[in-house]
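Student: Take this structure, written in structure tokens, and hold onto it; I'll ask about it next.
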Amino acid sequence: MSAATDLSASSLPQSSQLWLSQIWAIMRIELKKALWMRRSVWIYLIALGPAAVIGLHAINSPLGRYCNISDDTTILATIFQIFYLRGVIFFGCMGLFTWLFRGDVVEKSLHYYFLSPVRREVLATGKFLAGLAGSWIIFGGSVFLSFAIMYGHFGRAGADFVFHGPGFGHLLAYLGVTLLACLGYGSVFLALSLAFKNPILPGAVVLLWETFHAVLPSLLQKFSVIFYLKQLCPVSVAPTGIMALFTVVAEPVSAPVAVIGLILLSTAVLACACLQIRRTEISYLVD
Amino acid sequence: MSVDNRIVFEDVSKFYGEVLGVNRVNLSLPPGVTSLVGPNGSGKTTLMNLMTGLVKPTQGRISVLGLTPDQPEEFFRHVGYCTQFDSFPKGVTGYEFINQFLRLRGLSGNDAHRLTLEAIERTGMGNAAQRKVAGYSKGMRQRIRLAQAIAHHPTVLVLDEPLNGLDPMARAESIALFEALGKQGLHVIISSHVLHEVDKISDQVVLMSYGYVIAEGKIHGVRTEVKEHPMQILVRCTAPNLLASRLFSEDHVVEAKLNQDGRGVLVRTRDAEQFYLLLNKIIVEEQVDLQAVAPADDDVNSVYQYLIGGGGGTV
């Protein structure tokens, strides 16, 4: 064996180039796990839930016989904000992102990463990006399917709405908001999975925070992911029922501020996760 | 020898809560094969995990070839660690297991492929490399982990119980590999319960008990330091009776026992150097035909028994 000589520094990429290649290698490993592991089946099922409901609606009302595009646009917006953002994407991200590190701990394989020449921050970033890509493929795909079914069942009128009306812009906005939701919730759940052995309880606290953020003072609302996401949705949905009574109307923010705010929030949370992973030791026995 | 060519522990302690892992360890290990020897719970694995950054010391400093695990890009270019954890990422084949972690080093696909095949070849896993690791026997899992640890050509190879689960043929091949690596100037740190096997290849030993290093160094040196147990030396010659009678008159000779075959004598002495001088003198004076002289307890197993106790052999 020629020691480490033929793997000397000169034959390997340096610094940022090395980090990029490592992030890519980590993403390949993790994306494969996230998309194909048996454990992800329930995530696919909940992701397909809203599309299945819209599919039933389409079957009941072929070619929009008993409905109209305007009403269905509002229904789709409600489904997106209530079911997708607060249900499917929230819980799906919880399942995907908390498992990125916890999965390796449970399978007792995290040490292989820790024994590689990879900075822990690079590892966390690679895993996070893999989770982000995986979750966007799953949930973005589901949103696209829901959108296609919702407007597809109107036939030519639906096609006109999408390609000659505001529909295509709505689709891009929904896919963008889905990506930002995965970014925001993903970073929170990744950090929680590193800070807590069982992230379910803190996850429930986050769920309460996100659900009832509207009744919080205006300043605190800015520390929730859903606050920014709502601002970016193409069709607004006003709160109804008892929530409407307690809602504190926070000063709205512009789309660029909402995007930047969410990215900053996620970056801050990820930075905390990186600090945590730097301190992490391998002690599978106590896990 | 430069500190940058050594593995150095400076006053290192590790506590898991209130449980002691290792305490006040000071070591400076040169290249070659070093065996960590001690009973279960003595701190061998903790020492290896500290060395590779899997756990962090409660106090003290560790450097490997002048590097620390806080510089992972450089550190793990030189270090390979085959842990005792018998676990793998789900669903991987032997080939994927090695290859995907080589890709993390920033290697191109071709280089990673070449090194993967080379490591698989060296550990004799060629026939099973494309099968899922989940279907491997314990010995095969051990070997594929070894392949993964050596695939990047480390200069420091840390092996936690590397002979566990291996059949006799694979054990012999692994031991030969470790010995060859040690002779090439690599640091090979091995923990093993099979003392007589590590004894054959060890350049130095570190004996551990209850989290403390109780002895370290070359085996002969460690054995010499164990004054309370006289050295045992086997002498094969044509006149063992005469030799035994001459030896009895010396103060440092504690015992001289004739072999059952009548062609040798086992001597226990408190001063080996005096004994060898005396032996030379007797041979010349009595015209004794000397056939062999060999220390009988100058090995890891004996040192282990004297310092730690237990049955020896397989601890």
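The values are calculated or read from the model by the stated rules, or taken from the named source; none is laboratory data. Please read all numbers here as calculations on a predicted model, not as lab measurements. Note that each Cβ is placed from the backbone with ideal geometry, even for glycine, and that neighbours are counted across all protein chains shown. Side chains are part of the model used for accessible areas, which takes the heavy atoms of the whole protein and leaves out ligands, DNA and RNA. Shrake-Rupley method; radii C 1.70, N 1.55, O 1.52, S 1.80 Å.
Student: Please list B:51, A:37 from largest to smallest accessible area, probe radius 1.4 Å, with all protein chains kept in place.
Tutor: Values: B:51 5, A:37 45 Å².
Heavy-atom accessible area, descending, gives A:37, B:51.
Student: Which number comes out as Rg/Rh for region B:35-110 once both Rg and the Kirkwood Rh are worked out on C-alpha atoms?
Tutor: Details: Rg = 14.9 Å, Rh = 14.7 Å.
Taking Rh as the inverse mean 1/r over Cα pairs, Rg/Rh reads 1.02.
Student: A follow-up question, please. Stretch residue A:157-residue A:42 to full length: gain in nm at 0.36 nm per residue minus the Cα-Cα span? Working shown, then result.
Tutor: Numbers: separation 115, 0.36 × 115 = 41.40 nm, distance 3.47 nm.
Taking residue A:157 through residue A:42 to full extension adds about 37.9 nm, to one decimal.
Student: Can I ask one more? Pick from B:138, B:56, B:14 the residue whose mean-square fluctuation is largest in a GNM of chain B, springs joining Cα atoms under 10 Å.
Tutor: B:138
Student: Another question about this same structure. Compute the convex hull volume of the Cα atoms of region B:200-315, divide it by the residue count, and report the result per residue in Å³ as a whole number.
Tutor: It comes to 117 Å³ per residue, whole-number rounded.
Student: Once the other residues with Cβ under 10 Å from the Cβ of residue A:277 are scored (Lys, Arg +1; Asp, Glu -1), what is the net sum? It would help to have the intermediate numbers written out before the result.
Tutor: Values: positive: A:119, A:120, A:127, A:278, A:279; negative: A:121.
Net of charged neighbours comes to +4.
Student: Something else about it: Cα centroids of region B:1-72 and region A:137-175: how far apart, whole angstrom?
Tutor: For region B:1-72 versus region A:137-175, the Cα centre distance is 60 Å.
Student: Ok, one more. Who wins for biggest fluctuation among A:132, A:123, A:208 in a Gaussian network model of chain A, springs between alpha carbons below 10 Å?
Tutor: A:208
Student: Can you give me the C-alpha center-to-center distance between region B:234-266 and region B:161-200, rounded to a whole angstrom?
Tutor: 36 Å
Student: Report the net charge of residues surrounding residue B:201, where surrounding means a beta-carbon distance below 10 angstrom and charges are Lys +1, Arg +1, Asp -1, Glu -1. Intermediate results must be reported in sequence, preceding the final value.
Tutor: Working: positive: B:183, B:200; negative: B:179, B:197, B:199, B:203.
Around residue B:201, the surrounding residues sum to -2.
Student: While we're on this one: If ligands, DNA and RNA are left out, what is the accessible area of residue A:73 with a 1.4 Å probe, given in Å² to the nearest 10?
Tutor: Taking all protein chains as shown, residue A:73 has close to 10 Å².
Student: Between residue B:183 and residue A:218, how many nm apart are label points set 7 Å from Cα along the C-beta direction?
Tutor: For the pair residue B:183/residue A:218, the computed spacing is 8.1 nm.
Student: Need one word for region A:106-176: rounded, prolate or oblate. Basis is the Cα gyration tensor (sqrt eigenvalues a ≥ b ≥ c); a/c below 1.5 gives rounded, then a/b vs b/c decides. Could the numbers behind the result be given before it?
Tutor: On the way: a/c = 7.39, a/b = 3.40, b/c = 2.17.
It comes out prolate by the Cα gyration axes.
Student: Expressed as a rounded percentage, what relative contact order does region B:177-261 have, with Cα pairs under 8 Å and six or more residues apart?
Tutor: On the way: 44 pairs, mean separation 10.8, N = 85.
Relative contact order of region B:177-261: 13 percent.
Student: Also: Which value in deg cm²/dmol, rounded to the nearest 500, describes the helix-derived mean residue ellipticity at 222 nm for chain B, given -39,500 (n - 2.57) per DSSP H run of n ≥ 4 and division by the residue count? Before the final figure, lay out each step's value.
Tutor: On the way: 11 runs with 114 residues, N = 315.
Calculated from helices alone, the mean residue ellipticity at 222 nm is -11000 deg cm²/dmol.
Student: Which whole number in µm²/s is D for region B:234-273 by Stokes-Einstein, with the Kirkwood Rh taken over Cα pairs at 10 °C and 1.306 mPa s? Please list the in-between numbers first.
Tutor: Values: Rh = 10.0 Å.
In µm²/s, the coefficient rounds to 158.
Student: Between helix A:167-195 and chain A, what is the angle of the helix's C-alpha long axis to the longest principal axis, kept within 0 to 90° and rounded to the nearest 10?
Tutor: 40 degrees
Student: Which of B:14/B:183; A:32/A:108; B:90/B:138; A:32/A:197 have a Cα-Cα distance over 27 Å? It would help to have the intermediate numbers written out before the result.
Tutor: On the way: B:14/B:183 32 Å; A:32/A:108 18 Å; B:90/B:138 16 Å; A:32/A:197 24 Å.
Table pairs above 27 Å Cα-Cα are B:14/B:183.
Student: A follow-up question, please. Simple spin-label model, 7 Å along Cα-to-Cβ: residue A:67 to residue B:70 in nm?
Tutor: 6.0 nm
Student: Once you order the gyration tensor axes a ≥ b ≥ c over the Cα atoms, which shape class does region B:92-183 get: rounded for a/c under 1.5, otherwise prolate or oblate by comparing a/b with b/c?
Tutor: Details: a/c = 1.97, a/b = 1.22, b/c = 1.62.
Because a/c hits 1.5 or more and a/b fails to exceed b/c, region B:92-183 counts as oblate.
Student: Enumerate the whole-percent occupancy of each 5 Å bin, from 0 to the last occupied one, for all C-alpha pair distances of region B:6-137.
Tutor: Values per bin, smallest distances first: 2, 9, 15, 18, 16, 15, 13, 9, 3, 0.
Student: Over the protein assembly as shown, give the accessible area per residue in Å² for a 1.4 Å probe, as an integer. The partial results should precede the final answer.
Tutor: Details: 26970 Å² over 602 residues.
Spelled out: the 1.4 Å probe surface of the protein assembly as shown, per residue, equals 45 Å².
Student: Shielding by partners for A:106-112, please: the mean number of other protein chain Cβ atoms within 10 Å of each residue's Cβ. All intermediate terms of the calculation are to be shown ahead of the outcome.
Tutor: Numbers: counts 1, 4, 6, 7, 4, 7, 12.
Rounded to a whole number, the mean comes out at 6.
Student: On to the next question. Just B:41, B:66, B:17 to compare: in a GNM of chain B, with alpha carbon springs under 10 Å, which one fluctuates most?
Tutor: Result for chain B, Cα springs under 10 Å: B:17 fluctuates most.
Student: To continue, here is another question. Other chains' Cβ within 10 Å of B:179-187 residues: what's the mean?
Tutor: Going residue by residue through B:179-187 and averaging, the value is 1.
Student: From the Cα gyration tensor of chain B, with a ≥ b ≥ c the square roots of its eigenvalues, which class applies: rounded if a/c is under 1.5, or else prolate if a/b is larger than b/c, or else oblate? Walk me through the intermediate numbers first.
Tutor: Numbers: a/c = 2.58, a/b = 1.89, b/c = 1.37.
Judged from the Cα gyration tensor, chain B comes out prolate (a/c at least 1.5, a/b above b/c).
Student: Additional query: How would A:127, B:183, B:281 rank on accessible area, largest to smallest, probe 1.4 Å? Can you show the working numbers first?
Tutor: Details: A:127 0, B:183 160, B:281 110 Å².
Ranking A:127, B:183, B:281 by accessible area, largest first, yields B:183, B:281, A:127.
Student: Pop a pseudo-label 7 angstrom from the Cα along the beta-carbon direction at both residue B:285 and residue B:167 and give the gap in nm to one decimal.
Tutor: With each label point 7 Å from Cα toward Cβ, the separation is 5.8 nm.
Student: If each DSSP helix of 4+ residues adds -39,500 (n - 2.57) and the sum is divided by the residues in chain A, what number results at 222 nm, nearest 500 deg cm²/dmol? Don't jump to the answer; show the numbers that get you there.
Tutor: Values: 14 runs with 195 residues, N = 287.
About -22000 deg cm²/dmol.
Student: Could you work out Rg/(2.2 N^0.38 Å) for the protein assembly as shown, with Rg from alpha carbons only? The partial results should precede the final answer.
Tutor: Numbers: Rg = 33.2 Å, N = 602, 2.2 N^0.38 = 25.0 Å.
Output field value: 1.33.
Student: If you take the accessible area of A alone, add that of B alone, and subtract the area of the pair, what total do you get in Å², probe 1.4 Å, to the nearest 100?
Tutor: Details: alone 15230 and 15310 Å², together 26970 Å².
The A and B chains share an interface burying roughly 3600 Å².
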